[in-house]
1. Filter region 264-287 down to residues that are within 35 Å of the chain's Cα centre (by Cα) and surrounded by fewer than 11 Cβ atoms within 10 Å (Cβ to Cβ), then give me how many there are.
2. Here is a list of conditions, (1) in a helix (DSSP H, G or I); (2) within 16 Å of the ligand (Cβ to nearest atom), and residue 131 meets all of them except one; can you say which number that is?
3. Test residue 50 against the criterion of being within 9 Å of the ligand (Cβ to nearest atom), on the phi > 0 side of the Ramachandran plot and either in the same structural domain as residue 170 (by TED's automatic domain parsing) or more than 24 Å from the chain's Cα centre (by Cα) (or both), and give yes or no.
4. Give the residues of region 134-165 that are away from the ligand (no atom under 15 Å from the Cβ), more than 21 Å from residue 181 (Cα to Cα) and either at pLDDT below 95 or surrounded by 15 or more Cβ atoms within 10 Å (Cβ to Cβ) (or both), sorted by residue number.
5. With the requirement that a residue be under 18 Å from residue 17 (Cβ atoms) and assigned to a helix (DSSP H, G or I), what does region 52-78 give you?
6. Any residue in region 23-42 that is out of contact with any strand residue (DSSP E or B) (no Cβ under 6 Å at 6 or more places or on another chain) and in contact (Cβ under 8 Å) with a residue 40 or more places away in the chain?
7. Identify all residues within region 105-122 that are farther than 22 Å from residue 187 by Cα and either buried (at least 17 other Cβ atoms within 10 Å of the Cβ) or within 19 Å of the chain's Cα centre (by Cα) (or both); write none if there are none.
8. Are any residues in region 1-34 more than 6 Å from the ligand (Cβ to nearest atom), in contact with a helix residue (DSSP H, G or I) (Cβ under 7 Å, 6 or more places away or on another chain) and under 12 Å from residue 67 (Cβ atoms), and if so, which ones?
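The values are calculated or read from the model by the stated rules, or taken from the named source; none is laboratory data. These figures come from a predicted structure and were not determined experimentally. Cβ placement follows ideal geometry from the backbone for every residue including glycine, while neighbour counts extend to all protein chains displayed.
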Ligand SMILES: NC(=O)c1ccc[n+]([C@@H]2O[C@H](COP(=O)([O-])OP(=O)(O)OC[C@H]3O[C@@H](n4cnc5c(N)ncnc54)[C@H](O)[C@@H]3O)[C@@H](O)[C@H]2O)c1
């Protein structure tokens with residue numbers, strides 16, 4: 001396929017280089033001329049194991065080049081991957097400045113195209129952003145209709161900095177959120193050689209899955225640190241505790257207890273949570289995550305709950 005990749009940061013560089021390696025014809029676009037120059041020199045603008053060699057190889061093979069000219073990139077491609085940043089605003093809200101700007105540029109460039117064009121969002125964006133921001137911006141600036149002249153989908157990225165090339169070829173799954181089958185099928189073809197389950201869902205569900213994943217990862221780190229701090233205060237080897245904890249793939253690291261619905265209850269979970277958080281208080285160990293689980297309004301709801309859908313506890 002002929003691809004344009006907008007935003008040559010971590011996600012954009014890895015996507016551009018890996019898709020070029022897979023045999024696609026890729027043009028990278030960035031507003032930063034230094035990044036563009038570095039790529040055209042066959043070097044990597046990001047520090048990542050294996051990236052310098054990969055970019056050198058695909059640039060030398062003529063399958064990857066970079067430009068600052070959005071219009072030219074859209075004209076020479078059929079599918080655009082949007083990988084611009086979506087940073088936090090000071091109040092925590094999502095800053096969509098770069099997403100809006102890039103959609104304006106892509107929309108304006110699509111206006112003059114006679115062929116259909118597909119826009120694949122790889123940036124992380126809150127549920128509803130495609131419907132509320134991306135689609136209207138593309139339609140206003142192109143004068144065309146999404147779903148008829150323009151295909152749109154979200155294809156979140158799950159790479160980790162430091163192992164992003166390995167993660168690209170071995171993701172937990174490939175996720176495509178699209179509201180039309182043709183776009184989903186076309187984007188799915190990009191991943192034909194990646195050995196990972198492919199999930200196709202609605203745009204809003206895919207937007208949400210990315211947040212569910214990242215929130216859970218953050219929760220895991222914080223949980224492990226709180227258990228670790230309690231262990232430390234009690235002179236217990238926290239690594240051994242968590243290693244044994246992780247060996248339980250039936251209840252601990254499993255789909256069990258991960259269905260939204262009722263609150264938890266039963267005779268053990270509330271009692272044991274209260275005991276360990278009280279112990280932490282005695283030890284002067286801060287456990288904000290564990291403490292927040294037993295906050296009063298939730299506790300009342302849980303105690304009123306006659307049974308738990310999550311099974312015996
Ligand atoms: N970094 C990660 O590990 C990672 C992993 C998964 C998802 N994500 C998500 O992917 C998105 C990109 O993340 P990143 O870390 O690659 O960002 P980044 O800040 O490293 O790179 C973004 C790039 O976009 C460029 N850009 C901004 N406006 C542009 C425009 N109008 N046209 C062309 N280029 C433009 C910037 O110059 C910059 O080079 C974010 O939404 C992020 O949350 C990041």
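1. Total satisfying the criteria: 0.
2. Going through (1) in a helix (DSSP H, G or I); (2) within 16 Å of the ligand (Cβ to nearest atom) one by one, residue 131 breaks only (2).
3. no
4. The one that is away from the ligand (no atom under 15 Å from the Cβ), more than 21 Å from residue 181 (Cα to Cα) and either at pLDDT below 95 or surrounded by 15 or more Cβ atoms within 10 Å (Cβ to Cβ) (or both): 142.
5. 52, 53, 54, 55, 56, 57, 58, 59, 60, 73, listed by residue number.
6. yes
7. 108
8. 4, 5, 26, 27, 28
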